[in-house]
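As structure tokens, the structure follows; a few thoughts come after it.
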Amino acid sequence: MGSPDQAFTTLVDMLKHHGADPEGDIRAYLETCGLVSVGDTLEKRLRSYAEAHFVDERTARRRSDRGAEALATIFRDEVLFFRPWGHLTIYQTGPLVFPVIALHMDTGSEWREPAVWINDELQDLPFEFDDAPNPETGYVRAGWHLTPVVLRPDAKWLFKIDVEWRMGVWPQWVLGAQLADNRLVAKIQTQRNFMTEATVTWGSWPGHDGVPRTPPFASFPAAPAEIIPTD
């Protein structure tokens with residue numbers, strides 16, 4: 001993403017996840033690239049690694065080269081699956097929008113509580129992560145079902161939500177929207193400044209000048225009585 005800070009913190013995160021084996025190849029690369037071993041040149045760092053691990057410098061170089069290739073593969077193909085991720089979903093029915101936020105992260109991650117704005121007003125939402133990680137993902141979760149928000153038909157955005165979640169490793173976002181009224185359009189995007197935004201605006205079919213705005217907003221059909229919880 002063009003951010004040196006993100007590149008460095010991601011490398012440090014790789015050390016935590018893939019550098020546990022002291023004799024492993026990825027650990028060797030991360031040490032000899034300067035994260036652990038001392039020395040202002042590669043030769044000095046290889047010598048430092050060799051002395052610390054009681055191996056020949058040529059062995060240190062071979063391990064480091066293999067680790068670089070393995071780490072490049074992880075960055076290219078796997079890094080999106082081993083980073084914090086968030087879910088932002090909005091549901092519209094009638095005049096209301098129901099926003100839902102869920103955050104997932106590794107138990108050892110350094111994190112900041114996200115900031116949430118609804119229609120440009122900062123919300124007071126204390127996120128608390130689960131004590132135990134999900135057995136399938138190993139991640140802990142914090143979720144929030146926000147209070148439904150009334151659509152503003154005459155505003156620039158009928159509805160707008162912004163989420164800022166600053167993490168050491170750039171979060172991956174899963175975004176979704178379900179609108180009952182086909183006159184409305186949901187625009188959802190992520191930014192490079194840790195911001196994720198979702199808006200609801202008036203839309204129109206291609207080739208048409210606009211859509212009628214006077215009828216009430218459409219709603220989803222009521223759920224069948226037999227599937228509605230009674231307690």
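Tabulated data for the structure shown
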item: Between helix 4-18 and the chain: long-axis angle, C-alpha atoms, 0 to 90°, nearest 10; result: 70
item: Exposure rank, largest accessible area first [Arg152, Arg58; 1.4 Å]; result: Arg58, Arg152
item: Helical contribution to [θ] at 222 nm, DSSP H n ≥ 4, -39,500 (n - 2.57), averaged over the chain, rounded to 500; result: -7000 deg cm²/dmol
item: Extension gain, Asp130 back to Asp65 (0.36 nm per residue minus Cα-Cα distance, nm); result: 19.5 nm
item: Set of lysines with alpha-carbon distance to Lys160 below 19 Å, sequence-local pairs under 8 removed; result: Lys187
item: Protein-only accessible surface order, largest first, of Lys187, Lys160 at 1.4 Å; result: Lys187, Lys160
item: Residue-count net charge about Val140 - beta-carbon cut-off 11 Å; Lys, Arg +1, Asp, Glu -1; result: -3
item: Crossing angle, helix 57-73 versus the chain [Cα axis fit, 0-90 degrees, rounded to tens]; result: 10
item: Fluctuation leader among Ala132, Ala218, Ala52 - the chain, Gaussian network, Cα springs under 10 angstrom; result: Ala52
item: Relative pair counts by distance (%), Cα atoms of the stretch 85-202, 5 Å bins; result: 2, 11, 23, 23, 18, 12, 7, 4, 1, 0
item: Anchor Lys44: lysines whose Cα lies under 26 Å away (excluding residues fewer than 8 positions away in-chain); result: Lys16
item: Per DSSP, loop GluC sites (Glu not before Pro) in the stretch 20-114 with at most 13 further Cβ within 10 Å; result: Glu23, Glu110
item: Size of electric dipole in the stretch 85-202: Cβ of Lys, Arg +1 and of Asp, Glu -1, about Cα centre, debye, nearest 20; result: 540
item: Cβ-Cβ FRET estimate between His145 and Arg192, R0 fixed at 30 Å, reported to 0.05; result: 0.60
item: The stretch 85-202, accessible surface, carbon-and-sulfur percent (1.4 angstrom probe); result: 47
item: Per-residue SASA entry for Leu42, accessible area with 1.4 Å probe, Å² rounded to 10; result: 60
item: Viscosity 0.890 mPa s, temperature 25 °C, Stokes-Einstein D of the stretch 4-78 from Kirkwood C-alpha radius, µm²/s; result: 201
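The values are calculated or read from the model by the stated rules, or taken from the named source; none is laboratory data. Bear in mind the structure is a predicted one, so any value in this text is a computation, not a measurement. Methodologically, a virtual Cβ is constructed for each residue, glycine included, from the backbone with ideal geometry; neighbour enumeration extends over all protein chains shown. The area values use the complete protein model at the heavy-atom level, side chains included, leaving out ligands, DNA and RNA. Shrake-Rupley method; radii C 1.70, N 1.55, O 1.52, S 1.80 Å.
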